[in-house]
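Worksheet for the structure shown next.
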Amino acid sequence: MITSFLKLASLNYIKFKKVFLFIRFMNNYWLFEDVNLFSLICPHKYKKYASDHPFSHFNKGEFIYFQGDMSSTIFLVNSGKIKIGFIDDSGEEYVMAYLKKGDIFGENILLNETHRKEFALAVESGTSLCSVTLNQAEELLRGNQSFSTSIYKFIGLKLKKIQRRYQIMLFRDTRTRIIEFIKDLKDDDQDALNLLSGEIVVKNPFSQNEIAKLVGTSRSTFNIILNELEREDLLLYQKGQILLKNRFLLDI
């Protein structure tokens, strides 16, 4: 009895520690995700800069920058996928986001950040990025009302997302965290396909391993719960997309 109690207490402490580190990190970290700012600040969109501003190319497994590096550049994803995360003092990795085409990262230099609090790693071959220095960004954005409006809108939405993620990570079990993640995929997919049956097909740009890391579990546990959801006729997980069944949608 005592052994079981101590084991449970230990597991709860580990969970609390992970959530605490997540919250501490996110309080100091912003990224422009699912916001159409690429076209506003990418130099390739302006004739003045396009000719002498080549894309930077990275292979799978290459770091764009390491945690602790000097901060000097904003990056815009032109193709491929980027993993954003950090390493704690014990060497454990925490994944905060996977970024795709159109997303922006490293923008904390706009908030006077001097050193990177996170790492950025290419997780797909053929990843290409547009890099923008602080001076270039300020010149490109000076007087751009559309960008200013997008920033304020983004910050409000991001605060809501972070608050929601805190609550899910701290107070929900693994199954619920996976379900909530899938719900967020649906809400973020503006091109979701509505079938005549009432079911919905949503795009899923993440691998099973990536989702497992984002919801704070192992891939094996994710697979077990995913199989349970499919057996319960709630969804059908396919490569690149997820079919949400009527039973799943009724619970939203």
Legend entry - Contacts under 6 angstrom Cβ, first residue in segment 215-235 being at positive phi, partner assigned to a loop (DSSP other than H, G, I, E, B), 6 or more apart: 233/245
Inset, instruction - Go through (1) open to solvent by less than 50 Å² (accessible area, probe 1.4 Å); (2) under 19 Å from the mean Cα position of the chain (by Cα); (3) at pLDDT 75 or above and name the single condition residue 132 misses. - result: (2)
Legend entry - Scope segment 159-218; condition closer than 19 Å to residue 82 by Cα and open to solvent by 40 Å² or more (accessible area, probe 1.4 Å); matching residues: 188, 203, 205, 207, 208, 209, 213, 216
Inset, instruction - Find all pairs meeting these conditions: Cβ atoms under 8 angstrom apart; at least six residues apart or on different chains; first residue within segment 88-99 and outside any strand (DSSP E or B); second residue surrounded by 11 or more Cβ atoms within 10 Å (Cβ to Cβ). - result: 88/21; 88/94
Legend entry - Criterion violated by residue 223 - all others in (1) in a helix (DSSP H, G or I); (2) buried (at least 17 other Cβ atoms within 10 Å of the Cβ) satisfied: (2)
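The values are calculated or read from the model by the stated rules, or taken from the named source; none is laboratory data. Remember, it's a predicted structure, so these values are computed and weren't measured experimentally. Reconstructed Cβ throughout: ideal geometry from the backbone, glycine too, with neighbour counts over all protein chains shown. For the accessible areas, the whole protein counts, side chains as well, though only heavy atoms, and no ligand, DNA or RNA atoms are used. Shrake-Rupley method; radii C 1.70, N 1.55, O 1.52, S 1.80 Å.
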